[in-house]
Structure formats: C-alpha cells, structure tokens
Amino acid sequence: MPRTKKDFEAARLGVFATPGSLLTHLSCGIRIKENLSVPSKIWVTVKPQASRESVTKLSDGSYRVTCHAPPRDGEANEAVIKLLAQYLRVPKSAIKIIRGSSGRKKLIEVA
C-alpha cells in the first residue's frame, strides 16, 4: 500500500521497488529499477573543489561526481562516498573505493 506521495506516483507509473533493487531518477522524472542485489563496480570521475555538488550518470555507464571538498587528507573521497550513497540510496558502509583513491578516476564497489 503506497504511503507517501512518491509511492503513489511510482504506483501510478507502474514502477515498484523489490528487495535487492534500487529506484533511480532519470532527468525526465520517471523512475526505473536498477538491480544492485550483487556487488557491482562502477567507474567514477571526481571533480573536487567544485562550486556545487552533484552526481551525474554518463552515457557509458560511469558516473561524474562533483564535490566541494578539497582533494587533501581523503576529504574528497569521503564526500564522494557520501554523495554516491545519497544518489544510490544505499548506506555509506556499502560503498568502497577499490582503485584510484589518490586520483580523479576511481573504481568503486557498491555492495
């Protein structure tokens, strides 16, 4: 039974969340399911010290993350994990940087 306005909108569109799936937003406002039941790896390009924070999914399947944090002492990495967790609607503990912790191009595992 839908409880919130977003739930009613998803029900109207015929899109429902299932265990192990994730609702992601498209630019047109329609939601789709992206299955994250198994750990998946994504490539992320980071732009630290940006004027605004955002997460953008690119056409090749990778993501671009812009954040306010400077690339010192792991601050930008923490900001990237926080932003991706909000965007993907998973806990921060489910996101790990596998490769590229000191570079702009990172391989990230989402459990």
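The values are calculated or read from the model by the stated rules, or taken from the named source; none is laboratory data. Keep in mind that what you see is a predicted model, and the values were worked out from it rather than measured. Here the Cβ is made from the backbone with ideal geometry for all residues, glycine too, and neighbour counts use every protein chain on show.
Quick notes on this one:
- Restricting the range 57-92 to residues that are more than 13 Å from Ile108 (Cβ to Cβ) and of a type in the set (S, T, N, Q), the residue that is surrounded by the fewest Cβ atoms within 10 Å (Cβ to Cβ): Ser59
- Lys82 fulfils the conditions (1) farther than 15 Å from Ser102 by Cα; (2) not in a helix (DSSP H, G or I) except for a single criterion, (2).
- Output for the range 97-111, where each listed residue is free of Cβ contacts under 8 Å to residues at least 60 places away in the same chain and either among the polar types (S, T, N, Q) or surrounded by 15 or more Cβ atoms within 10 Å (Cβ to Cβ) (or both): Ile97, Gly100, Ser101, Ser102
- Picking from residues in the range 23-67 that are of a type in the set (Ser, Thr, Tyr) and not in a strand (DSSP E or B), the one that is modelled with the lowest pLDDT is Ser27.
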